[in-house]
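Here the structure comes first, spelled out in structure tokens, and everything after it is commentary.
The values are calculated or read from the model by the stated rules, or taken from the named source; none is laboratory data. Small disclaimer: the values here were computed from a predicted structure and weren't measured. Cβ: placed from backbone, ideal geometry, glycine included. Neighbour counts: every protein chain shown.
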Ligand SMILES: Nc1nc2c(ncn2[C@@H]2O[C@H](COP(=O)(O)OP(=O)(O)OP(=O)(O)O)[C@@H](O)[C@H]2O)c(=O)[nH]1
Ligand SMILES: [Mg+2]
Ligand SMILES: [Zn+2]
């Protein structure tokens, strides 16, 4: 008899599936399924709903993957032709960033947001380690990032996972949803999950004092139910957020703050680069659109990281 389960963890070889009764089982893939999904490194992802076959006693086999509502993908680190599905069936994706130890950047945040827009997953920004930002410069930098992304229509929240600042306010945005946490190693994703459910005790790692970076403590994506029906997906830290399957001609749709101005461009298919009477470029010159965001757009178009 086939039954449905939820993939809560997979390490490449081991896939853990949770059944409706709450029990978690280590399942294997049926042979044929392994070759599906050619461009991805593995056919199943955390968050997938799967069908299980229990024909062999004592063994559950994943016989099929239910159609995904959505998923989010990034370029695999060493296999540039391959993509890695980070997770599937998400309600939102949250970037956990810190201003230092490790330091975030607008380039990293923009690529994460572009990916979320391309896959139609609501995105949000958490600036963690707010307990560390005491100097005037740090406070100014915090305001800078907050304003930049709020003006681009994203929610931004500053909090401290370890000092419990703003955690309840953040928790309210998670209720009843499946949320993905992404970010650099050491930004505090696992610590944040621990602060939301103190019984989980996920491993967190030190920041290397030599490089001010994390040490890649979390090595596999895993889903946790922090309270009934509220799920968080912890993921390994990433160095970069490689864009995949995005054409230069569609990138402009993934900067939500451009859309309003784009209606006033002379050409309906204006790419907002050197075209005459471009209302988006003009809005950036007038600071109605943040010039950094506009420059980031132009920079990505001119780089060779998009699919031609
Ligand atoms: N001061 C301060 N330190 C924090 C905060 N959140 C996390 N840390 C510290 O940052 C370090 C890294 O935290 P982790 O939770 O392991 O970070 P991560 O994002 O899960 O890292 P990876 O699993 O490597 O991707 C640990 O030493 C945490 O104690 C915070 O809000 N304030
Ligand atoms: Mg971690
Ligand atoms: Zn234009």
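Quick notes on this structure:
- Evaluation of residue 163 against (1) at pLDDT 95 or above; (2) touching a helix residue (DSSP H, G or I) at 6+ places or on another chain (Cβ under 6 Å); (3) away from ligand 2 (no atom under 16 Å from the Cβ); (4) under 20 Å from residue 122 (Cα atoms) (one fails), failing number: (4)
- Looking only at the stretch 210-237, and only at residues there that are in a loop (DSSP other than H, G, I, E, B) and crowded, with 19+ Cβ neighbours inside 10 Å, the one that is nearest to ligand 2 (Cβ to nearest atom): 218
- Any chance residue 244 is under 19 Å from residue 88 (Cα atoms), crowded, with 19+ Cβ neighbours inside 10 Å, away from ligand 1 (no atom under 16 Å from the Cβ) and modelled with pLDDT under 95: yes
- The numbered conditions (1) in a loop (DSSP other than H, G, I, E, B); (2) more than 16 Å from ligand 1 (Cβ to nearest atom) are all true for residue 102 except (2).
- In the set 83, 93, only one residue is in the same structural domain as residue 185 (by TED's automatic domain parsing), under 30 Å from residue 25 (Cα atoms), under 12 Å from the mean Cα position of the chain (by Cα) and touching a residue at least 24 places away in the same chain (Cβ under 8 Å); that residue is 93.
- Filtering the stretch 58-76 to residues that are modelled with pLDDT of 90 or more and over 22 Å from residue 118 (Cα atoms) leaves 60, 61, 62, 63, 64, 65.
- Each residue in the stretch 215-239 was checked for being assigned by TED's automatic domain parsing to the domain that holds residue 86 and farther than 17 Å from residue 94 by Cβ, and 7 of them qualify.
- Taken together, 296, 199 contain a single residue that is more than 13 Å from ligand 3 (Cβ to nearest atom) and assigned to a helix (DSSP H, G or I), which is 296.
- The stretch 244-260 - residue that is farther than 20 Å from residue 283 by Cα and in a loop (DSSP other than H, G, I, E, B) and, of those, farthest from ligand 3 (Cβ to nearest atom): 244
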